[in-house]
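Participant: Sharing a structure with you now.
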Amino acid sequence: MEAHPPPQALADPGSPAARREERAGPCEPLAAAAALGEDRWGEGQRSVRLSARPQPRRGGSPSSPPCAPCSRPGNHGVQRGGRRRQRRGGGEGERQEEAGRPGYDLAHLLQRRHDRGVIHCAVGIVRTSVLVTGVQVSSRIFMVWFIAHSIKQIQNEESVILFLVVWTVTEITRYSFYTFNLLNHLPYFIKWARYNFFIILYPAGVAGELLTIYAALPYVKKTGMFSLRLPNKYNVSFDYYYFLIIVMFSYVPLFPQLYFHMLRQRRRVLHGEVIVEKDD
């Protein structure tokens, strides 16, 4: 029986085993040694399963992260595809981060729900004044889209959180009252809350809205957003900064009318008083 000569320590530079060893890199010495043994002894194709952990690079610290597997030709495309997916996902991550800001998701939800309130009053589903509801809905849409949503620098202000909390509690109470009233089973606590919570919630909500508009004024004046300057082809100018100031002063005549309207409704519902309102 002929004795086989012992294998050489290193493969020839031009042999297939040496080329596979170069492609294997420093992360998979065991795989390179197995490939060298296969070519040297000629035992055919052999499936070698390696369970050893990748060794760190020479000269590196023990705590350095291991290299990514690079000996298999398919991994390069996977890595490049992963990087492409990561780059494409950057815009989605920014949009998700923007959507996670305070007031962003709630702004969309409030706008999609509150604009239906006027329609409900017009068709008779909700028994309340169309004018009063229209003023409230218009005010909220303006605060959501043209203030809180458009000026992102003020979205973390305490005043924004204040009027959003007030709106939330008000709408929960109001629609609970409407729901139980339609079911002909109205608990007294819901009825009492509907015509008593507003005494505190309405002034707090107005204060939050006015403080938010006031906080937005410096950013509007600095950027000139939503403003139209002369000269232009329409020959019309509009300054959003002064428009916001006019909106703030409009709360002076409008808020007392809404507030005293609710007080009259409270006396009529809770105390049974007959309120005769004058025609406009």
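The values are calculated or read from the model by the stated rules, or taken from the named source; none is laboratory data. Just so we're clear, the structure is a prediction, and the values are computed from it rather than from any experiment. In this analysis, Cβ positions are derived from the backbone assuming ideal geometry, glycine residues included, and neighbour counts consider all displayed protein chains. For accessibility, only protein heavy atoms count, side chains too; no ligands or nucleic acids. Shrake-Rupley method; radii C 1.70, N 1.55, O 1.52, S 1.80 Å.
Participant: Which one is nearest to H261 (Cα to Cα), of the residues in segment 175-201 that are in a helix (DSSP H, G or I) and open to solvent by less than 40 Å² (accessible area, probe 1.4 Å)? Spell out the reasoning first.
Facilitator: In the first step, residues of segment 175-201 are kept if they are in a helix (DSSP H, G or I); the result is 175-182, 188-194, 198-201.
Of the ones still in play, those that are also open to solvent by less than 40 Å² (accessible area, probe 1.4 Å) are 176-178, 190, 193-194, 198, 201.
Values: S176: 20, F177: 18, Y178: 18, I190: 19, A193: 16, R194: 14, F198: 11, L201: 15 Å.
Filtering first and then ranking leaves F198.
Participant: Determine if segment 219-238 includes at least one residue that is open to solvent by 80 Å² or more (accessible area, probe 1.4 Å), closer than 24 Å to Y251 by Cα, free of Cβ contacts under 8 Å to residues at least 40 places away in the same chain and not in a helix (DSSP H, G or I).
Facilitator: Of the residues in segment 219-238, the ones open to solvent by 80 Å² or more (accessible area, probe 1.4 Å) are 219, 221-223, 226, 229-231, 233-235, 238.
From what's left, closer than 24 Å to Y251 by Cα: 219, 221, 226, 238.
From what is left, the residues that are free of Cβ contacts under 8 Å to residues at least 40 places away in the same chain are 221, 238.
Next cut, not in a helix (DSSP H, G or I) only: 238.
Within segment 219-238 (the criterion being open to solvent by 80 Å² or more (accessible area, probe 1.4 Å), closer than 24 Å to Y251 by Cα, free of Cβ contacts under 8 Å to residues at least 40 places away in the same chain and not in a helix (DSSP H, G or I)), the answer is yes, since at least one residue qualifies.
Participant: Further question: Just checking, does segment 248-260 include any residue being under 18 Å from F163 (Cα atoms), open to solvent by 40 Å² or more (accessible area, probe 1.4 Å), in contact with a helix residue (DSSP H, G or I) (Cβ under 7 Å, 6 or more places away or on another chain) and not in a helix (DSSP H, G or I)?
Facilitator: Within segment 248-260, none of the residues are under 18 Å from F163 (Cα atoms), open to solvent by 40 Å² or more (accessible area, probe 1.4 Å), in contact with a helix residue (DSSP H, G or I) (Cβ under 7 Å, 6 or more places away or on another chain) and not in a helix (DSSP H, G or I).
Participant: How many of the residues in segment 158-174 are crowded, with 18+ Cβ neighbours inside 10 Å, touching a Ser or Thr at 6+ places or on another chain (Cβ under 9 Å) and either of a type in the set (A, V, I, L, M, F, W, C) or assigned to a loop (DSSP other than H, G, I, E, B) (or both)?
Facilitator: Result for segment 158-174: 2.
Participant: Now for a separate question. Using the structure shown, decide if L244 is open to solvent by 40 Å² or more (accessible area, probe 1.4 Å) and either more than 20 Å from V135 (Cα to Cα) or modelled with pLDDT of 95 or more (or both). Show your work before the answer.
Facilitator: On the way: open to solvent by 40 Å² or more (accessible area, probe 1.4 Å): no; either more than 20 Å from V135 (Cα to Cα) or modelled with pLDDT of 95 or more (or both): yes.
Taking the combined requirement at face value, the residue does not satisfy it.
Participant: Would you confirm whether any residue within segment 99-120 is of a type outside the set (S, T, Y), open to solvent by 60 Å² or more (accessible area, probe 1.4 Å) and modelled with pLDDT of 70 or more?
Facilitator: yes
Participant: Hey, can you tell me all the residues within segment 209-226 that are modelled with pLDDT of 95 or more and among the small types (G, A, S)?
Facilitator: A215, A216
Participant: Kindly establish whether T170 is among the hydroxyl-bearing types (S, T, Y) and either touching a His at 6+ places or on another chain (Cβ under 8 Å) or under 27 Å from C121 (Cβ atoms) (or both). First the steps, then the outcome.
Facilitator: On the way: among the hydroxyl-bearing types (S, T, Y): yes; either touching a His at 6+ places or on another chain (Cβ under 8 Å) or under 27 Å from C121 (Cβ atoms) (or both): yes.
Yes, satisfied.
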